Amino acid sequence: AVVQERMSLRRLDEEIARQMLTLQAVMHTEFGKGLNLEVSAEEASGEVVAPGRVLALLKVDGTLLAMWGPAIDGAWRPPVDTDVRFHTIAIGSERGRLLSERVEHDGFRYVAAVVAPLADFERDMGQLRRSLMLGIVSALVMAAIAGLVVGRRALRPLAEMAEQARTITEANPVERLRAPNPRDELGTFASSFNGLLDRLASVLQAQRQFMADASHELRTPVSIVR
């Protein structure tokens with residue numbers, strides 16, 4: 001959204017710059033006709049048409065020569081002392097993008113300004129942000145649902161192996177874990193766990209054999225003692 005806003009603002013600035021060139025070209029043409037600054041500004045206000053833009057011509061002391069375009073706050077005047085070429089300004093309760101330039105031509109000095117109200121621009125950016133936010137939320141919800149489904153499927157073999165492990169008891173020591181795919185990670189785990197069970201079964205069998213042998217060997221001495 002930030003990148004799109006910057007690109008849109010850059011395109012708006014380029015459009016304002018072209019309108020500024022048109023305005024200055026008309027003023028220079030009027031000067032070439034021998035008209036003074038005031039009459040040239042009045043003629044330019046009738047010749048230069050820029051829908052949706054406020055155009056203004058001022059003297060360098062800030063005196064307004066002409067201003068035309070969409071209706072704005074009547075007390076507002078473009079600034080004449082700014083060093084920033086493009087900047088965003090407040091126009092009453094709204095905001096606008098301003099290009100203001102000091103111009104000197106054939107001995108005439110004046111300030112030309114072009115203002116683009118940002119109401120439509122900000123509305124479009126707001127709709128873009130809402131669309132992006134809706135898309136992000138939808139993507140997160142879909143990702144969560146997909147992750148839950150995939151997670152359950154991925155953990156199902158572990159649950160089955162855990163159930164198999166519960167059936168391995170002293171009374172049933174030969175039972176072993178069975179993995180769906182003996183070549184994947186779960187298969188490797190099952191193989192290692194089954195190896196551990198085999199070793200434990202061998203130890204248990206040796207212990208039982210020792211106890212049986214010891215019981216047999218001790219039977220006669222115990223009988224004699226008795």
Go through the range 76-125 and count every residue that is outside any helix (DSSP H, G or I), under 26 Å from the mean Cα position of the chain (by Cα) and without any contact (Cβ under 8 Å) to a residue 24 or more places away in the chain. 1
Restricting attention to the range 31-60, the residues that are open to solvent by 10 Å² or more (accessible area, probe 1.4 Å) and small (G, A, S) number exactly 6
Counting only residues that are open to solvent by 50 Å² or more (accessible area, probe 1.4 Å) and either out of contact with any strand residue (DSSP E or B) (no Cβ under 7 Å at 6 or more places or on another chain) or among the aliphatic types (A, V, I, L, M) (or both), which one in the range 73-86 is modelled with the highest pLDDT? D81
List the number of the failed condition for V150; all other conditions in (1) at pLDDT below 80; (2) closer than 30 Å to N194 by Cβ; (3) surrounded by 10 or more Cβ atoms within 10 Å (Cβ to Cβ) hold. (1)
Looking only at the range 1-31, how many residues end up being touching a residue at least 40 places away in the same chain (Cβ under 8 Å) and farther than 30 Å from I136 by Cβ? 10
Name the residue, out of P173, P157, P180, that is modelled with pLDDT of 75 or more and either of a type outside the set (S, T, Y) or touching a helix residue (DSSP H, G or I) at 6+ places or on another chain (Cβ under 6 Å) (or both). P157
Which residue pairs have Cβ atoms closer than 7 Å, lie 6 or more positions apart in sequence or on different chains, and pair a first residue in the range 187-206 that is closer than 25 Å to A154 by Cα with a second residue that is at pLDDT below 80 and assigned to a helix (DSSP H, G or I)? A190/M161
In the range 87-116, anything of a type outside the set (D, E, K, R), open to solvent by 40 Å² or more (accessible area, probe 1.4 Å) and modelled with pLDDT under 85 is listed as T88, A90, G92, S93
Residue pairs meeting the criteria (Cβ under 7 Å; at least 6 apart or on separate chains; first at positive phi, in the range 48-71; second part of a loop (DSSP other than H, G, I, E, B) and polar (S, T, N, Q)): none
Given the conditions (1) surrounded by 10 or more Cβ atoms within 10 Å (Cβ to Cβ); (2) within 29 Å of S45 (Cα to Cα), which single one is not true for A206? (2)
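The values are calculated or read from the model by the stated rules, or taken from the named source; none is laboratory data. Since we're looking at a predicted model, the values are computed, not measured. Quick reminder, even Gly has a Cβ in these numbers, built from the backbone with ideal geometry, and neighbours come from all protein chains shown. Areas reflect the complete protein model, heavy atoms only, side chains present, ligands, DNA and RNA absent. Shrake-Rupley method; radii C 1.70, N 1.55, O 1.52, S 1.80 Å.
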